[in-house]
Amino acid sequence: MESTQPLYICISEENKEFLNSGEWDYGIVVTDLNPYVTNSELHSFFQKFGTITECNIKTDKSSGWPKGVGFVRYSSSKEAEAAQADGPHNLGGFPILINRVVTPKLNQACQLNTQDQSFQPNVCVN
C-alpha cells in the first residue's frame with residue numbers, strides 16, 4: 001500500500017551527497033515548543049532567516065492540544081541552514097531544538113495526495 005503522506009528526511013553532513021540525486025524542498029523541524037506558541041509566532045520567529053513557504057504546529061487530532069512540534073519549510077537550503085546555525089533558540093520562554101529536513105519535490109508523475117503537502121510528525125529519519 002502506497003502512503004499518501006509526504007516523507008521528511010534528516011540527512012547528516014557526511015551524507016549530503018545524497019541530495020544530488022533529486023529535487024528537494026528544505027525545512028526545519030522544531031521540537032520542545034511551548035504549548036502556547038501559535039503558528040503566527042513560529043512564523044514570525046523564523047522569517048528572519050528567509051522566505052517561508054509553509055509553517056505549522058502539529059496538534060493532537062482528538063484533543064486539539066499542540067504536540068510541541070512545529071515545521072517550517074523554506075524556499076532554499078541556505079535559509080534552513082541559517083535557521084539551524086543561528087541557535088540555540090528560545091521561543092515562548094522555552095529552549096527549542098531544530099533539525100534540518102528535506103522532502104522530495106512532488107511532480108506530475110507522483111501519485112501522492114497533493115492537497116496535504118504539510119510536514120508530518122514522526123517520519124524524520126536520521
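The values are calculated or read from the model by the stated rules, or taken from the named source; none is laboratory data. This is a predicted model, so every value here is computed, not measured. Heads up, the Cβs are rebuilt from the backbone with ideal geometry, glycines too, and the neighbour counts pull from every protein chain shown. Note: areas computed on protein heavy atoms with side chains; ligands, DNA, RNA excluded. Shrake-Rupley method; radii C 1.70, N 1.55, O 1.52, S 1.80 Å.
Quick notes on this one:
- Within the shell of other residues whose beta carbon sits under 15 angstrom from the beta carbon of Val29, the net charge comes to -1, with Lys and Arg scored +1 and Asp and Glu -1.
- Candidate lysines for bridging to Lys105, where Cα separation is under 25 Å - those fewer than 8 sequence places away on the same chain excluded: Lys16, Lys48, Lys58, Lys78
- Accessible area per residue for region 54-105 is 53 Å², calculated with a 1.4 Å probe on protein heavy atoms, without ligands, DNA or RNA.
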